[in-house]
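Just below is one structure, and these are the notes that go with it.
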Amino acid sequence: MIKALARKLGLVAGVVVLLGLAPVTQADDRWDDDWKISVSGKSKSAGSLSFTLTFEPADDGAAREAATVTVAIPEGTGANDMADLISAAFRGTLGDDQFHSEVDWGEHVKVKGKGDTPDFTVAIAQNTVQGLSLAIKED
């Protein structure tokens, strides 16, 4: 019975990866202090976006608390305005002491750690906005 359960869980994990439902970033070698979120499309529905910032573990291996940034997107919002809303949400949630967030070229949001802020990853935790496409990469 345990082997059958393990096979089923392995199959589910494989399907999740094949369908692209895995987080945008999750590998430990992807820690960085400079990220870019590229926005394209126009929202066909009102909804919200949530991003998770996961921080590199401390030198002693202890996990650090993750941060969540959520932004409401009205229906009919274009890519440049969505980028403005996302950047403002990062600034409002994370503050200016340890992070810098700005819009670059209209549809790109740059998020950068300041000073002693540990390296981190940025991933999409939730997207309920139809018509929106996001790409996250190290900058």
Percent carbon-and-sulfur accessible area, the stretch 24-115, ignoring ligands, DNA and RNA, probe 1.4 Å: 45 percent
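Residues with beta-carbon under 14 Å from that of Thr128, excluding Thr128: net charge, scoring Lys, Arg +1 and Asp, Glu -1?
So the environment of Thr128 carries a net charge of 0.
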Total charge of the residues flanking Ala83 in space, meaning their Cβ is under 12 Å from its Cβ, with Lys and Arg +1 and Asp and Glu -1, is -3
Can you tell me the order of 84-91, 105-112 when each peptide is scored by its average per-residue count of other Cβ atoms within 10 angstrom, highest first? 84-91, 105-112
So for the stretch 29-139, what are the equivalent ellipsoid semi-axes in whole Å, largest first, each being the square root of 5 times an eigenvalue of the Cα gyration tensor? 25, 13, 12
Whole number in Å², please: accessible area per residue of the stretch 42-115, 1.4 Å probe, ligands, DNA and RNA not counted. 54 Å²
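The values are calculated or read from the model by the stated rules, or taken from the named source; none is laboratory data. These figures come from a predicted structure and were not determined experimentally. Because the Cβ atoms are built from the backbone with ideal geometry, glycine has one as well, and the counts that use them run over all protein chains shown. Heavy atoms of the whole protein, side chains included, go into the accessibility calculation; ligands, DNA and RNA do not. Shrake-Rupley method; radii C 1.70, N 1.55, O 1.52, S 1.80 Å.
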